[in-house]
Amino acid sequence: MPASHSLTIGVMGGTFDPIHYGHLVAAEEAMTGLGLDEVVFVPSAQPPHKPPGDVSCAQHRYVMAILATTGNRRFTVSPVELGRPGPSYTIDTIDELSGAYGPHVELRLITGLDALLEIRTWREYRRLLAGCRIIAVTRPGKDVSALTELTLQLGDLGGQLELFPVTALAISASDIRRRVRQGQSIRYLVPDAVLAYIEKHGLYRADNAVASLCACPQLGCLEAAGGEKVICRYGPVKESLHQQGPATTARAEGEAVPSKRPVEDEPGRTR
Ligand code: DND
């Protein structure tokens with residue numbers, strides 16, 4: 001750590017739809033193995049690489065991240081991307097967090113190898129790399145030799161990448177969503193509190209498409225706009241989902257998900 005830095009904080013960005021033990025173990029091992037002081041999890045409001053309609057409501061994902069991390073005093077969750085309109089670019093997050101923490105704090109991005117291999121598609125990735133070291137945590141099924149290739153392609157900036165092997169947990173959020181949709185157990189893949197939250201709000205269930213995609217009236221996510229129009233403040237595409245009606249909504253995995261009730265009949269929904 002340079003002498004000017006008194007703290008090193010790992011920043012783990014993600015869609016976290018939902019957060020699971022693969023994320024938590026990777027963050028914990030990177031933190032303890034590399035001597036980081038803390039890890040801050042940053043749920044994306046609108047992940048730049050995913051169509052907005054393919055991700056669950058940001059507030060649900062944010063709350064699940066808080067529930068998953070409450071037991072670890074060195075883990076925190078930042079709402080920094082939730083307050084920003086438009087796609088949640090990592091460079092904007094690092095800029096904002098750097099400004100908030102100040103010059104004595106070094107930020108290091110913790111990223112799974114799969115996500116990191118796409119970094120050249122990220123907004124201002126050269127400036128991001130120039131200002132921030134990146135810890136590439138291993139992921140089952142991802143070939144680490146691809147990182148060597150990427151490092152070479154990045155030239156001088158390649159030195160900013162650091163491979164860090166973590167315990168291989170072949171857990172993925174897409175598999176968790178599939179399991180819930182198919183009525184299979186996700187116990188021990190996510191913390192119990194996250195499991196309880198998913199069950200309580202009917203997230204990812206095939207018969208609860210609207211709740212999975214957007215509706216979180218309990219959290220105040222929906223607001224009335226323009227008469228009959230109902231929008232989610234975190235994503236304009238979600239507006240079109242409401243306009244289309246629940247019968248036409250579908251998740252990223254491509255399954256059409258029938259809904260039992262029209263949008264206006266959802267209990268507790270505010271308009
Ligand atoms: P994901 O949707 O892949 O996150 O997004 C990762 C980050 O990349 C987010 O912060 C995005 O905003 C950022 N990004 C992507 C594209 C463009 C730009 C930024 C841009 O600025 O232009 P997931 O929720 O799927 O996973 C979170 C992290 O955890 C990822 O790095 C993923 O690779 C990793 N991960 C695992 N690591 C080890 N073992 C497992 C893992 N499952 C997920 N089982």
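None of the figures in this text is laboratory data; all of them are computed from the coordinates on show. Quick caveat: nothing in here was measured; it's all calculated off a predicted structure. Cβ sites come from the backbone with ideal geometry, for glycine too, and all protein chains shown count toward neighbours.
Taking the listed residues 92, 54, the one that is among the acidic types (Asp, Glu), surrounded by 16 or more Cβ atoms within 10 Å (Cβ to Cβ) and within 21 Å of residue 204 (Cα to Cα) is 54, with no other qualifying.
Residues of segment 34-50 that are farther than 15 Å from residue 24 by Cβ and either within 12 Å of the ligand (Cβ to nearest atom) or crowded, with 24+ Cβ neighbours inside 10 Å (or both): 44, 45, 46, 47, 48, 49, 50.
Going through (1) in contact (Cβ under 8 Å) with a residue 60 or more places away in the chain; (2) of a type in the set (Ser, Thr, Tyr); (3) within 15 Å of the ligand (Cβ to nearest atom) one by one, residue 62 falls short only on (1). Got a number for residues in segment 144-187 being more than 30 Å from residue 199 (Cβ to Cβ) and loosely packed, with under 11 Cβ neighbours inside 10 Å? The qualifying residues number 5. Every listed requirement among (1) assigned to a helix (DSSP H, G or I); (2) within 12 Å of the chain's Cα centre (by Cα); (3) of a type outside the set (A, V, I, L, M) is met by residue 28 save one, (2). Given (1) near the ligand (Cβ under 9 Å from one of its atoms); (2) farther than 21 Å from residue 50 by Cβ, where does residue 165 come up short, assuming only one miss? If we test residue 165 against (1) near the ligand (Cβ under 9 Å from one of its atoms); (2) farther than 21 Å from residue 50 by Cβ, just (1) comes out false.
A residue that is within 13 Å of the ligand (Cβ to nearest atom), in contact with a Pro (Cβ under 6 Å, 6 or more places away or on another chain) and closer than 20 Å to residue 26 by Cβ occurs nowhere in segment 124-131. Taken as a whole, the condition of being more than 21 Å from the chain's Cα centre (by Cα) and without any contact (Cβ under 8 Å) to a residue 24 or more places away in the chain does not apply to residue 131.
Of the strands (runs of 3 or more DSSP E) lying entirely inside segment 79-168, those containing at least 3 residues that are farther than 19 Å from residue 15 by Cβ span 105-112, 161-164.
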